[in-house]
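The values are calculated or read from the model by the stated rules, or taken from the named source; none is laboratory data. In this text, all values refer to a predicted model and were calculated from it rather than measured experimentally. Note: ideal-geometry Cβ built from the backbone for every residue, glycine included; neighbour counts use all protein chains shown.
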Amino acid sequence: MGLDYDYQTYLEYYDNILAGYPPAVEVGYKLITIFFEQIGIGFLGVLYTYAFIALYAKFKFFQRLESYRSVREGLFFGVVYFLVFFPVWELTQIRNAAAIAVVALAILEDRKINSVFYFLLAVLLHNVSFLIVAFWLVQRFFGSLKYPIVIGVALVIFLGLEYAPYYQRYAADVYKEDFKPFSLKNLFIVFTFIYIQFCRQPLPKSLAYYSMALLSFYLAMGKMPAAAIRVADISLFFALLALSLAHLRFSWLYKLLTIFALGYVFTNISYLGENPLINLDAISWAG
C-alpha cells in the first residue's frame, strides 16, 4: 500500500462491496471480492488473482505460437514489457493488465467459440475489453472495410464525446491529465504500424490493426484525456506485441532501438521523474 494510488482505490472497492454499497466496477471484481472474503483470504487474494491471470495469460500467448517458435520474440517482448508496461499495469492498473492479456489470447484463437470464451472472461476483468471485442467483430466480419469503419466510428465518438457515459468523470476540466497527440509513444505506434505492413506474416499485421484502431479512438477522445491515455497505452501494447512477432529486414535493429528509447522514457516516467508513477519509498525491504 502506498506504491501507487490505485491500490487504495481497489481496497475501497473491496470494502464497499462487502458493505453492500458496490461501486461502478466490473462484475468480475465483485465476484472475486466476495469469493476471497468467504474463504477467509481477503483483499490479498484479489490482488493475487489479477496478477496471476495477467502474467500467466501472456506466458500462454507465447507458448501457443507454433509458427513463431523462437526465444528472441519472447525475450524482446519480455524485456520491453518489463520496462514499459510492468510499472503501469502489473504494479498499478491490475484489472487492465489481466484483461488485455486475456484479450490477446482471444485474438490468437482460430475457433470463434474459444475467442468468445476469452472475451467474456476479459470483459469480467475490465470494461475496456468491450472496445477490443468491437474491433475483433469488425475485423472478423468486415475484412477489408475494417479501417474505414473504425475511422468512421472514431469520428462519431469525437463529435459526440460529451454524451458518453463516463464523460463527466473523465472530462479534462475534472480529471487533470495531458492530451499529447504528437507524443513519442504515438509516433512510435504509427511508424511501427507502417513498418509491419511490409511483414508477410498475418498475425503481426492483425495485431497492428488493433494498435492503430485504438490509437484512432485515443485521438477522438481528447476531451477525456484521463480515459484516452489508457486507450493509448493499450495501443502501444499491441504495437509492441506485433513488433515482437515481425520478421523483417533490420527488425533486430528496430527492436533494439525500441528497447533503449522506450525503456529510457518509461523508466523516467515510472520511477525517476519529478512526479514518478511508482513511489519506491513505499517498499520496505526485509532486514
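Return yes when V156 is under 18 Å from A57 (Cβ atoms) and assigned to a helix (DSSP H, G or I) and no when it is not. It is false that V156 is under 18 Å from A57 (Cβ atoms) and assigned to a helix (DSSP H, G or I).
From the residues in region 1-19 that are among the charged types (D, E, K, R) and assigned to a helix (DSSP H, G or I), which one is surrounded by the fewest Cβ atoms within 10 Å (Cβ to Cβ)?
Result: E12.
Here T258 fulfils each of the conditions (1) modelled with pLDDT of 90 or more; (2) under 23 Å from N127 (Cβ atoms); (3) among the polar types (S, T, N, Q) apart from (2).
Residue under question is F260, and the condition is that it be on the phi > 0 side of the Ramachandran plot and surrounded by fewer than 17 Cβ atoms within 10 Å (Cβ to Cβ); does it hold?
The answer is no for F260.
Of the residues making up region 139-149, those that are under 22 Å from A101 (Cα atoms) and touching a residue at least 40 places away in the same chain (Cβ under 8 Å) number 1.
With respect to (1) within 17 Å of V123 (Cβ to Cβ); (2) in contact with a Leu (Cβ under 8 Å, 6 or more places away or on another chain); (3) not hydroxyl-bearing (S, T, Y), the lone exception for E37 is condition (1). Applying the condition of being over 11 Å from the mean Cα position of the chain (by Cα) and β-branched (V, I, T) to region 113-132 and asking which residue is modelled with the highest pLDDT yields V123. Would you check if there is a residue in region 185-196 being surrounded by 13 or more Cβ atoms within 10 Å (Cβ to Cβ), over 23 Å from F86 (Cα atoms) and at pLDDT 85 or above? Yes - at least one qualifying residue is present in region 185-196. In the condition set (1) in a helix (DSSP H, G or I); (2) at pLDDT below 90; (3) touching a helix residue (DSSP H, G or I) at 6+ places or on another chain (Cβ under 7 Å), P22 is compliant with all but (1). Among the residues examined, V116 qualifies as closer than 17 Å to F135 by Cβ and free of Cβ contacts under 8 Å to residues at least 60 places away in the same chain. Of the helices (runs of 4 or more DSSP H) lying entirely inside region 190-285, those carrying at least 2 residues that are of a type in the set (S, T, Y), touching a residue at least 40 places away in the same chain (Cβ under 8 Å) and farther than 21 Å from R140 by Cα are 251-267. Q139 passes every criterion in (1) closer than 28 Å to A24 by Cβ; (2) in contact with a helix residue (DSSP H, G or I) (Cβ under 6 Å, 6 or more places away or on another chain) apart from (1). Taking the criterion of being crowded, with 19+ Cβ neighbours inside 10 Å and among the polar types (S, T, N, Q), the residues of region 93-115 that qualify are Q93, N96, S115. Among the residues of region 228-240, some residue qualifies, meaning at least one is of a type in the set (F, W, Y) and touching a helix residue (DSSP H, G or I) at 6+ places or on another chain (Cβ under 8 Å).
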